Amino acid sequence: MSEAYTSDEMMTVAAARMLRNGAVCFVGIGLPSTAANLARLTHAPDAVLVYESGPIGAKPTVLPLSIGDGNLAETADTVVSTPEIFRYWLQGGRIDVGFLGAAQLDKFANINTTVVGPYGRPTVRLPGAGGAPEISSSAKEVLIIVKQSKRTFVEKLDFVTSVGFLTGGNAREAAGLCGNGPAAVITDLCILRPDPDSRELKVTSIHWGVNRETIVANTGWRIGFADSCEKTPSPTAPELDTLRDLKARTAVVHGTPGDRE
Amino acid sequence: MAEWMTLAEAIAAHVHDGDTLAMEGFTHLIPFAAGHEVMRQGLRNLSLIRMTPDLIYDQLIGAGCAAKLTFSWGGNPGVGSLHRFRDAVENDWPSPLAIEERSHSDLANAYVAGAANLPFAVLRGYTGSDFPRVNRQIRSITCPFTGEVLAATPAVRTDVAVIHAQKADWKGNVLLWGILGVQKEAVLSAKRAIVTVEERVESLNAPPNACILPHWVVTAVCEVPRGATPSYAHGYYERDNVFYREWDRISRERERFSAWLDQHILKTRDFEEYLALQRDPLVQAVYQ
């Protein structure tokens, strides 16, 4: 690999590669949106990006700063109301992939974006659910992109906002949830996938330059490694160039006052 | 029947202390001018409902207007936390804030139920999550046909809904386009509805199926150009991302927020004067 890259770039590129061309993807704002748009601009030009504010088939020219940026509406195939997006398109079973972020994650890929500490008297009040609970339950599969640390990868969540595999094993199926749950968690250190039986997250691919001790030290539970653990291929020059161009375009647009006047 | 009036008249006539109030707009068309007027008129003890509290409710909470907040995502989009909301939840400042927390899908469904005059919403949601533990309003219902257990949550029904739209004609028929959020449902689930618009026009010239609220479901309509800023109005002006970032600094500490509230809201006569103040070079210098 000739070009230097950051661990954040590795994370975004690895996450983007997970999105197959043609997939209908319900996209969260922030890291998921960056990865989904990188996928659309590289190997997945026919991916259909759906945002909870209503745009279906959005092809933003720069990354949206908010979930309802005008650029998403202008570049979409259609824009529907918020009730319609959740009722007809998500609950209706038309989403292949839900792409989410997380504040806290446990070993069964359950997500907390609500509070740190007790609910009634939180030490940190996080933004809350947004669309994530129903995305994580209704999308056919879920991808989660999150930076890995002991603060984010915890033994026990303070609050279960959005479900992964609940208590593991067949708990998710037993609860009657429609979608298949998280297919992968992509971090700045590695890629984790659920064990087929226990559904506990195991490291299946380690990014270049990262060793197992670093992953163990940044995980709040006793993390396991799959027998067939691989090395994540480094970002290619076209992947990096596309990502950096996208971010540079975004900085130009969002770094200026919003007014046209 | 829609009545044209000034925003100050509309808020004074139709919003009262203790009301349940929904000011909607999903990132787009957020009725900031109306929010400012609620603060200026010193309304208290409001039960606020909004999917994304955004800066508009952060301001109302910090100004002491709210007793309760029902919401589904409480962050500053693209920036981080809502500090006034967090200070109220974490430290009871300026007063305790009761919260009723739901998901986007739930609240969207609950607005639909309210608009349809049904008592509750039904959805596939919350299974396995901790929400029902902290919000006793989230319950379940068994489908009489299939036996499937579904989430049941109370409909949104409000005293007043406030939205911002692009245009209204002389009769008060309202047209909006772009990202529509739940504004139509918010108006139809409210006893009274106030709509601020970018401009008053002779005719809407809208195609069939355009999102139009007929004048007879609107109580008051007010012409307030740029009334959604610092959010945006599709076709009129873009989102003021600089202000959204600056809000993080304005709102972080109580003292600076209180100074902002005093200078920008309480000491300005109306939204026009507020906008003029934003163009003041001294204020601009602080924002950059």
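The values are calculated or read from the model by the stated rules, or taken from the named source; none is laboratory data. All values reported here derive from a predicted model rather than from experimental measurement. Because the Cβ atoms are built from the backbone with ideal geometry, glycine has one as well, and the counts that use them run over all protein chains shown.
Against the list (1) within 14 Å of chain A (Cβ to nearest Cβ); (2) out of contact with any Ser or Thr (no Cβ under 7 Å at 6 or more places or on another chain), the condition B:PHE32 fails is (2).
Residue-wise test of (1) assigned to a strand (DSSP E or B); (2) within 16 Å of the chain's Cα centre (by Cα); (3) under 23 Å from B:SER72 (Cα atoms).
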position	(1), (2), (3)
A:TYR119	no, no, yes
A:SER136	no, yes, yes
A:LYS147	no, yes, no
A:LYS150	no, no, no
A:PHE159	no, no, yes
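Counting the residues of segment B:104-122 that are among the polar types (S, T, N, Q), out of contact with any Gly (no Cβ under 6 Å at 6 or more places or on another chain) and within 11 Å of another protein chain (Cβ to nearest Cβ) gives 1. Contact map, segment A:212-240: residues that are under 21 Å from A:ASP8 (Cβ atoms) paired with residues that are modelled with pLDDT under 95 and not in a helix (DSSP H, G or I), Cβ distance under 6 Å, separation 6+ or inter-chain. Pairs shown: A:SER234/A:MET1; A:ALA237/A:GLU3; A:LEU240/A:GLU3.
Inside segment A:1-106, counting only helices (runs of 4 or more DSSP H) that do not spill past its ends, which hold 3 or more residues that are away from chain B (no Cβ under 14 Å) and crowded, with 21+ Cβ neighbours inside 10 Å?
On the way: elements: A:7-17, A:31-41, A:70-74.
So the answer is A:7-17, A:31-41.
Residues that are within 14 Å of chain A (Cβ to nearest Cβ), of a type outside the set (Lys, Arg) and surrounded by fewer than 22 Cβ atoms within 10 Å (Cβ to Cβ) were ranked within segment B:129-140; the one that is farthest from B:VAL217 (Cα to Cα) is B:ASP130. Please tell me if B:GLY181 is in a loop (DSSP other than H, G, I, E, B) and closer than 15 Å to B:ILE49 by Cα. Considered against the rule, which asks whether it is in a loop (DSSP other than H, G, I, E, B) and closer than 15 Å to B:ILE49 by Cα, B:GLY181 comes out as yes. Can you confirm whether segment B:149-159 contains a residue that is touching a residue at least 60 places away in the same chain (Cβ under 8 Å), in contact with a Phe, Trp or Tyr (Cβ under 6 Å, 6 or more places away or on another chain), hydrophobic (A, V, I, L, M, F, W, C) and more than 10 Å from chain A (Cβ to nearest Cβ)? Yes.
I'd like the full set of residues that are under 17 Å from the mean Cα position of the chain (by Cα), within 10 Å of another protein chain (Cβ to nearest Cβ) and β-branched (Val, Ile, Thr), limited to segment B:63-101. Result: B:ILE99, single match.
Please pick out the residue among B:PHE26, B:PHE32 that is more than 21 Å from A:ALA129 (Cα to Cα), aromatic (Phe, Trp, Tyr) and at pLDDT 95 or above. Of the residues listed, the single one that is more than 21 Å from A:ALA129 (Cα to Cα), aromatic (Phe, Trp, Tyr) and at pLDDT 95 or above is B:PHE32.
Here is a yes/no grid of residues against (1) closer than 27 Å to A:PHE86 by Cβ; (2) modelled with pLDDT of 95 or more; (3) in contact with a Phe, Trp or Tyr (Cβ under 9 Å, 6 or more places away or on another chain); (4) within 13 Å of chain B (Cβ to nearest Cβ):
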| residue | (1), (2), (3), (4) |
| --- | --- |
| A:ARG121 | no, no, no, yes |
| A:GLY131 | yes, yes, yes, yes |
| A:GLU134 | yes, yes, yes, yes |
| A:VAL146 | yes, yes, yes, no |
| A:SER149 | no, yes, no, no |
| A:GLU155 | no, yes, yes, no |
| A:ASP158 | yes, yes, yes, yes |
| A:THR161 | yes, yes, yes, yes |
| A:LEU166 | yes, yes, yes, yes |
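Count of segment A:169-182 residues, restricted to those that are surrounded by fewer than 18 Cβ atoms within 10 Å (Cβ to Cβ) and either assigned to a loop (DSSP other than H, G, I, E, B) or more than 14 Å from chain B (Cβ to nearest Cβ) (or both), is 6. Residues in segment A:183-224 that are more than 21 Å from the chain's Cα centre (by Cα) and part of a strand (DSSP E or B): A:GLY224 only. Checked against (1) more than 14 Å from chain B (Cβ to nearest Cβ); (2) part of a loop (DSSP other than H, G, I, E, B); (3) within 13 Å of the chain's Cα centre (by Cα), A:ALA109 meets all criteria but (1).
Contact map, segment A:181-207: residues that are over 15 Å from A:MET10 (Cβ atoms) paired with residues that are part of a loop (DSSP other than H, G, I, E, B) and aliphatic (A, V, I, L, M), Cβ distance under 6 Å, separation 6+ or inter-chain. Pairs shown: A:PRO182/A:ALA109; A:LEU201/A:ALA109. Scanning segment B:40-54 for residues that are on the phi < 0 side of the Ramachandran plot, in contact (Cβ under 8 Å) with a residue 40 or more places away in the chain and buried (at least 24 other Cβ atoms within 10 Å of the Cβ) returns B:ILE49, B:MET51.
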